[in-house]
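Working notes, structure below.
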Amino acid sequence: MAGPEVDEEEAAFERRRRRAGTRPVAKSKPKGKAGLVFGWLLLLLVIGGLVGGGWFYKSRVVALLPVTAKLYDLAGIAVEVPYPGFVVVPGVKTTAQEVDGRKIWLIDGEVRNVGVRPRPSPKLVARVMKDDQPLKSWTFEIGGGDVEPGETVPFETSVEELPGATRLSVDFIDEPAINN
């Protein structure tokens, strides 16, 4: 008796389904745990990369996003902020010229205020290196008044050519921290 009742119920269900215009739903196979494990590993890898990058490049992170200095401070991580709110725009150019029989290097580039309020023009230091040994360093000022948020200000300096020089860097002179 159980057999005919089941058949009648299935037939009634099939008639209702046809009237409603629905299609039978295919049963999905249970998925393996490999996809779940891969997803978790990928998430952990991304989080680990962000934490590692935030740790090893913390000075760059704070230079580009000064507000993150407060987050590092909350986490108890000391971060050097040489001149908060400013970055040297990549692409500093060096060109050689001859002036009065001497070879001179002209160095020019740009500094951008990435902070949220106007800041006084920063003081810069240029260093000429031979491998990792400093050959010469000097300080210079950009001049002018305050630099507005988002504003880019050009700088220019010069030095006599130094034989054997392999690298030039332009950085900010350490100044007291400025609150954002």
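Quick notes
- Restricting the search to strands (runs of 3 or more DSSP E) fully inside region 118-168 and requiring at least 2 residues that are touching a Phe, Trp or Tyr at 6+ places or on another chain (Cβ under 8 Å) gives 123-130, 152-160.
- Residue in region 117-132 that is under 19 Å from residue 166 (Cβ atoms), among the acidic types (Asp, Glu) and assigned by TED's automatic domain parsing to the domain that holds residue 168 present: yes
- Yes/no for residue 116 being in contact with a strand residue (DSSP E or B) (Cβ under 9 Å, 6 or more places away or on another chain) and of a type in the set (A, V, I, L, M, F, W, C): no
- The selection criterion, being exposed (fewer than 11 other Cβ atoms within 10 Å of the Cβ) and charged (D, E, K, R), does not hold for residue 110.
- Screening 50, 45 for residues that are assigned to a helix (DSSP H, G or I), at pLDDT 80 or above and farther than 30 Å from residue 89 by Cβ leaves exactly one candidate, 45.
- Residue within region 87-108 that is small (Gly, Ala, Ser), at pLDDT below 85, in the same structural domain as residue 138 (by TED's automatic domain parsing) and under 19 Å from residue 154 (Cα atoms) present: yes
The values are calculated or read from the model by the stated rules, or taken from the named source; none is laboratory data. Quick caveat, the model's predicted, so the values are computed rather than measured. Using ideal geometry, Cβ is built from the backbone for each residue, glycine included, and neighbour counts are taken over all protein chains shown.
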